[in-house]
Amino acid sequence: MTLVLGIESSCDETAAALVEDGRIVHSSIIATQIDLHQKFGGVVPEIAARAHLQLIDKVVDEALEKAGFGLDAVDAIAVTQGPGLIGALLVGISYAKGLALASAKPLIPVNHVEAHVHGAMLGIDADPETLYPSIALVVSGGHTNVYLMREATSFELLAYSIDDACGESFDKVAKLFGLAYPGGPAIERLARGGKPDSFAMPRMMEQKNKLVFSYSGLKTYMVNLRQRYPGSLSEETLQDLCAAFQEEALGQLIRKLALIVQAHPEVRSLLIAGGVAANLRFRELADKHLRVPTYFPQLRYCSDNAAMIAALGFHQLAKAKDPGVFSRLDWDAFSRYQFTSS
Ligand code: KG4
Ligand code: ZN
């Protein structure tokens, strides 16, 4: 048995988890900061970093305590290297480096976006090794990425958004209508009472063979609609607008996934992960339209958590040609934006 302690601090959740063999979650502690950021309508990086600093110690202790293991039972530590908010990442990485150095444990840097996919495999009945090759969609506030996975640690990027991420469009449209951050759950709740066909929506990225996503056009269309209906809206109109927006936002994901699956007949499964994967209408549409066994994460592993970090970290350790590489600490955080001097 290999026990990995996962640590996540890339955005507004401070999280730690203990996971056995990349599959069995002994504990997963998530301290969310949503209430700190809500009044600003989005995550404030400086506030996030300071909150991580205050929370990280307690969260890691709680993960160990809840799992009933001491640090000495842990085989390796995995931490989110990026992408994310640079100040927030640095808190988790510095803490994890200190812990690894003091306890002489390997430290595994993990890509947050790719780790989301492993969230979809936690707690499923199927043996994950039977799922490959797989198509994986990570649909969150920062990414709309589709990967071809031939094994647990190989991520070949097939498609991505050329502008806004899908979750970001939910957040921006929600803000337009005065709904609370994060916008996805608020829109989903209102959409449940609305009629998706009550407002015609533009179909984004209709061109059949273009394997890219785009959400800025749909968002702009919603801005224009809002201008046509200024002031306060009736509950019914708001529900209809949310339902129509949500149907197209999710419809685009379904259409492109269907195309990608068709182009890869060798694929044995579809893994859908990230915050937007929590949307129940999305799960219904996938069930109806996608002709390949599809796995969504349990709700607690859709949004940011450390169990997914520990899970991917485990596979990186297991597949490493030279596990000694994880004794090195001379690497740094990478954020979403890479700056170069040229
Ligand atoms: O994966 P995540 O927690 O953080 C990132 O790494 O971005 O994803 C957060 C995103 C937000 O944009 C949020 O509005 C969206 O996921 N989201 C949803 C739902 N729950 C969260 N979008 C649609 N429907 C939901 N139920
Ligand atoms: Zn995330």
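The values are calculated or read from the model by the stated rules, or taken from the named source; none is laboratory data. Since the structure is predicted, the reported quantities are computational estimates derived from the model, not experimental observations. Positions of Cβ are generated from backbone atoms using ideal geometry, with glycine treated the same way; all protein chains shown enter the neighbour counts.
Taking the conditions (1) at pLDDT 95 or above; (2) away from ligand 2 (no atom under 11 Å from the Cβ) in turn, Asp125 satisfies each one other than (1).
The number of residues in region 44-76 that are within 19 Å of the chain's Cα centre (by Cα), crowded, with 21+ Cβ neighbours inside 10 Å and hydrophobic (A, V, I, L, M, F, W, C) comes to 1. In summary, Cys302 fulfils each of the numbered conditions (1) free of Cβ contacts under 8 Å to residues at least 40 places away in the same chain; (2) within 11 Å of ligand 1 (Cβ to nearest atom); (3) in contact with a strand residue (DSSP E or B) (Cβ under 8 Å, 6 or more places away or on another chain) with the single exception of condition (1). Looking across Glu284, Glu236, one residue alone is under 21 Å from the mean Cα position of the chain (by Cα) and surrounded by fewer than 15 Cβ atoms within 10 Å (Cβ to Cβ). It is Glu284. Residues that are surrounded by 19 or more Cβ atoms within 10 Å (Cβ to Cβ) and among the polar types (S, T, N, Q): does region 77-100 have at least one? Yes; the residues of region 77-100 include at least one that is surrounded by 19 or more Cβ atoms within 10 Å (Cβ to Cβ) and among the polar types (S, T, N, Q). Looking at Leu211, Leu238, just one residue is touching a strand residue (DSSP E or B) at 6+ places or on another chain (Cβ under 9 Å) and of a type outside the set (Phe, Trp, Tyr), and that residue is Leu211.
Within region 51-87, being β-branched (Val, Ile, Thr) and more than 24 Å from Ala104 (Cβ to Cβ) holds for one residue alone: Ile86. Residues that are outside any loop (DSSP other than H, G, I, E, B) and free of Cβ contacts under 8 Å to residues at least 12 places away in the same chain within region 209-233 comprise Thr220, Asn224, Gln227, Arg228, listed in sequence order.
For the residues Asp164, Asp197, the requirement of being acidic (Asp, Glu), part of a loop (DSSP other than H, G, I, E, B) and surrounded by fewer than 23 Cβ atoms within 10 Å (Cβ to Cβ) singles out Asp164. Taking the criterion of being within 16 Å of ligand 1 (Cβ to nearest atom) and within 26 Å of Val325 (Cα to Cα), the residues of region 96-120 that qualify are Val110, Asn111, His112, Val113, Glu114, Ala115, His116, Val117, His118, Gly119. Residues that are in contact with a Lys or Arg (Cβ under 9 Å, 6 or more places away or on another chain) and either modelled with pLDDT of 95 or more or not aliphatic (A, V, I, L, M) (or both) number at least 3 in the following strands (runs of 3 or more DSSP E) confined to region 1-71: 24-32. Scanning region 104-129 for residues that are in contact with a helix residue (DSSP H, G or I) (Cβ under 6 Å, 6 or more places away or on another chain), more than 19 Å from Cys302 (Cβ to Cβ) and hydrophobic (A, V, I, L, M, F, W, C) gives Leu107, Ile108.
So, of the residues in region 180-211 that are closer than 18 Å to Glu247 by Cα and among the aliphatic types (A, V, I, L, M), which turns out to be nearest to ligand 1 (Cβ to nearest atom)? So, considering only residues that are closer than 18 Å to Glu247 by Cα and among the aliphatic types (A, V, I, L, M), the one nearest to ligand 1 (Cβ to nearest atom) is Ile187. A count restricted to region 279-291 and to residues that are hydrophobic (A, V, I, L, M, F, W, C) and touching an Asp or Glu at 6+ places or on another chain (Cβ under 8 Å) stands at 1. Taken together, the criteria place Gly184 among residues that are modelled with pLDDT of 95 or more, surrounded by 20 or more Cβ atoms within 10 Å (Cβ to Cβ) and within 16 Å of ligand 2 (Cβ to nearest atom).
Going by the conditions given, is Pro230 at pLDDT below 95 and crowded, with 20+ Cβ neighbours inside 10 Å? It is false that Pro230 is at pLDDT below 95 and crowded, with 20+ Cβ neighbours inside 10 Å.
Residues of region 311-322 being surrounded by 13 or more Cβ atoms within 10 Å (Cβ to Cβ) and more than 14 Å from Pro109 (Cβ to Cβ), which ones? Passing the criteria: Ala311, Ala318.
Considering Leu190, Leu179, Leu101, the condition of being more than 20 Å from Ser216 (Cα to Cα), away from ligand 2 (no atom under 16 Å from the Cβ) and either out of contact with any helix residue (DSSP H, G or I) (no Cβ under 7 Å at 6 or more places or on another chain) or part of a loop (DSSP other than H, G, I, E, B) (or both) is satisfied by Leu101 alone. In region 178-189, the residues that are closer than 13 Å to Phe282 by Cα reach residues that are outside any helix (DSSP H, G or I) and near ligand 1 (Cβ under 6 Å from one of its atoms) with C-beta atoms within less than 9 angstrom, at least six apart or across chains, in these pairs: Gly184/Gly141; Gly184/Asn279; Pro185/Asn279; Ile187/Asn279; Glu188/Asn279.
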